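These notes are about the structure you will find just below.
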Amino acid sequence: MTDSNKSSHGEWSSRMAFILAATGSAVGLGNIWKFPYITGENGGGAFVIVYLMCVLLIGIPIMIAETMIGRRGKRNPIGTMALLAKESDADPNWHYLGWLGVVAGFLILSYYSVIAGWGLSYILNVFTGSFSGAGGEKVQTIFNDFMASPLQQLFWHTVFMVVTMSVVARGVTEGLERAVQWLMPALFFLLLLLVAYAMSTNSYFKGLNFLFNTDFSKITGQSVLTAMGHAFFTLSLGMGAIMVYGAYLPKDISIARTTVIVAGADTLVALLAGMAIFPIVFENNLQPGSGPGLIFQTLPIAFGNMTGGWFFGILFFVLLVFAALSSSISLIEPAVAWLVETRNMTRQRACVWAG
Ligand code: PFF
């Protein structure tokens, strides 16, 4: 470390760059794949309110704390925790908390990238018309055949990981920052197009009603836990991702204000995803609470049968992959930063190892 006021990996070039990167980490499969189906399973509107409370009361304060710790330490999460423990004469075992984050992020990426790979393969499926005119049974067969083919899944997973590694290998400003600078606006634009399409269907208000109609009798202890767990997952908390992004944050930027913007943008994207998906589901007489299969088993039926389904289907899966990419680069970054700082590796080499 040459200058203790700066991370050895460089810094975000502006406040906007940090906002885009942190929003990129937060907005991911959790918003587009998970939020709509857990909302469906937990009764819609009331669940959304509980989730918003969790973001506000737990998510935002923890995100602020994690970013602050990262900026203070200016290194990978393990190094940051070790340094801060030393500086404050605390137990050195605190550095294991950094380890927990890095390992958890690593484990999440190991399945996250598989689902992102499904997204890539579905872009091709929609593009080649595999779903056109398909009923539930055909879509199910396509999904089952894909699940039964390790080679195909391995292929798409590898493509996704290679893209992730090549972004991260370029470094903080040239890689991460550049990627999110075009990924995030593109993602937002695609999402708005999908919502506009959903608005043109007859089931738009039915979808909104499902998402916002509040029936608290549907809320159980389990759904509160689900909402809280999702608030952590969607804001990328406790995995070292936000901590390492905080390490690249220049000194003069207000953490509280930027965190509120990031959490707001993340929540907005989740709600917009719900507003795009549920009207399409209802318009095609499909089930909103169909679990994780909502995206890969239910929506393709809609895309195969609705007007403009080919175009909007491709848009949807491209959106899903963009969202996954901007998150997976933040999932691998803590491990890459650790390898660079402690194993004297170049960034490229660290990416290959971590990837
Ligand atoms: N926040 C991402 C999502 O909602 O899909 C997932 C995620 C990214 C979790 C980065 C944890 C993390 F460190």
If we keep only residues of segment 64-109 that are open to solvent by 90 Å² or more (accessible area, probe 1.4 Å) and acidic (Asp, Glu), then the residue farthest from the chain's Cα centre (by Cα) is Asp89
Among the residues of segment 197-206, is there at least one that is in contact with a helix residue (DSSP H, G or I) (Cβ under 9 Å, 6 or more places away or on another chain), over 17 Å from Leu20 (Cα atoms) and charged (D, E, K, R)?
-> yes
Going through (1) touching a residue at least 60 places away in the same chain (Cβ under 8 Å); (2) more than 14 Å from the ligand (Cβ to nearest atom); (3) open to solvent by 10 Å² or more (accessible area, probe 1.4 Å); (4) not polar (S, T, N, Q) one by one, Arg343 fails only at (1)
Is segment 276-289 home to any residue that is open to solvent by 10 Å² or more (accessible area, probe 1.4 Å) and at pLDDT 95 or above?
-> no
Can you tell me which residue within segment 290-326, out of those that are in contact (Cβ under 8 Å) with a residue 24 or more places away in the chain and not in a helix (DSSP H, G or I), is least open to solvent (accessible area, probe 1.4 Å)?
-> Gly291
How many residues does segment 17-31 hold that are crowded, with 24+ Cβ neighbours inside 10 Å and more than 16 Å from the ligand (Cβ to nearest atom)?
-> 0
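For segment 225-245, what are the residues that are more than 12 Å from the ligand (Cβ to nearest atom) and in contact with a helix residue (DSSP H, G or I) (Cβ under 7 Å, 6 or more places away or on another chain)? I'd like the intermediate steps shown before the answer.
The first filter runs over segment 225-245 and keeps only residues more than 12 Å from the ligand (Cβ to nearest atom), leaving 225-228.
Thr226, Ala227, Met228, listed by residue number.
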Could you please find all residues in segment 241-274 being assigned to a helix (DSSP H, G or I) and surrounded by fewer than 22 Cβ atoms within 10 Å (Cβ to Cβ)?
-> Ile255, Ala256, Arg257, Thr258, Val260, Ile261, Gly264, Ala265, Leu268, Leu271, Leu272
Conditions (1) at pLDDT 95 or above; (2) more than 20 Å from Arg71 (Cβ to Cβ); (3) within 14 Å of the ligand (Cβ to nearest atom); number of the one not met by Ala273 | (1)
Checking Lys34 against (1) open to solvent by 40 Å² or more (accessible area, probe 1.4 Å); (2) within 16 Å of the ligand (Cβ to nearest atom); (3) over 21 Å from Ser328 (Cβ atoms), which test does it fail?
-> (3)
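Condition test on Ala169, is it among the aliphatic types (A, V, I, L, M), in contact (Cβ under 8 Å) with a residue 24 or more places away in the chain and surrounded by 18 or more Cβ atoms within 10 Å (Cβ to Cβ)? Reasoning before the result, please.
Numbers: among the aliphatic types (A, V, I, L, M): yes; in contact (Cβ under 8 Å) with a residue 24 or more places away in the chain: yes; surrounded by 18 or more Cβ atoms within 10 Å (Cβ to Cβ): yes.
Taking the combined requirement at face value, the residue satisfies it.
Return the only residue of Phe188, Phe160, Phe205, Phe155 being among the hydrophobic types (A, V, I, L, M, F, W, C), open to solvent by 10 Å² or more (accessible area, probe 1.4 Å) and within 16 Å of the ligand (Cβ to nearest atom). Explain how you work it out, then say what you get.
Working: Phe160 fails: open to solvent by 10 Å² or more (accessible area, probe 1.4 Å); Phe205 fails: within 16 Å of the ligand (Cβ to nearest atom); Phe155 fails: within 16 Å of the ligand (Cβ to nearest atom).
So the residue among Phe188, Phe160, Phe205, Phe155 that is among the hydrophobic types (A, V, I, L, M, F, W, C), open to solvent by 10 Å² or more (accessible area, probe 1.4 Å) and within 16 Å of the ligand (Cβ to nearest atom) is Phe188.
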If we ask which residues in segment 41-54 are at pLDDT 95 or above and assigned to a loop (DSSP other than H, G, I, E, B), their number turns out to be 0
Determine, yes or no, whether Ala241 is in contact with a Pro (Cβ under 8 Å, 6 or more places away or on another chain) and at pLDDT 90 or above.
-> yes
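The values are calculated or read from the model by the stated rules, or taken from the named source; none is laboratory data. Since the model is a prediction, treat every value here as computed from it, not as a measurement. Note that each Cβ is placed from the backbone with ideal geometry, even for glycine, and that neighbours are counted across all protein chains shown. Protein only, heavy atoms only, side chains kept; ligands, DNA and RNA dropped before computing areas. Shrake-Rupley method; radii C 1.70, N 1.55, O 1.52, S 1.80 Å.
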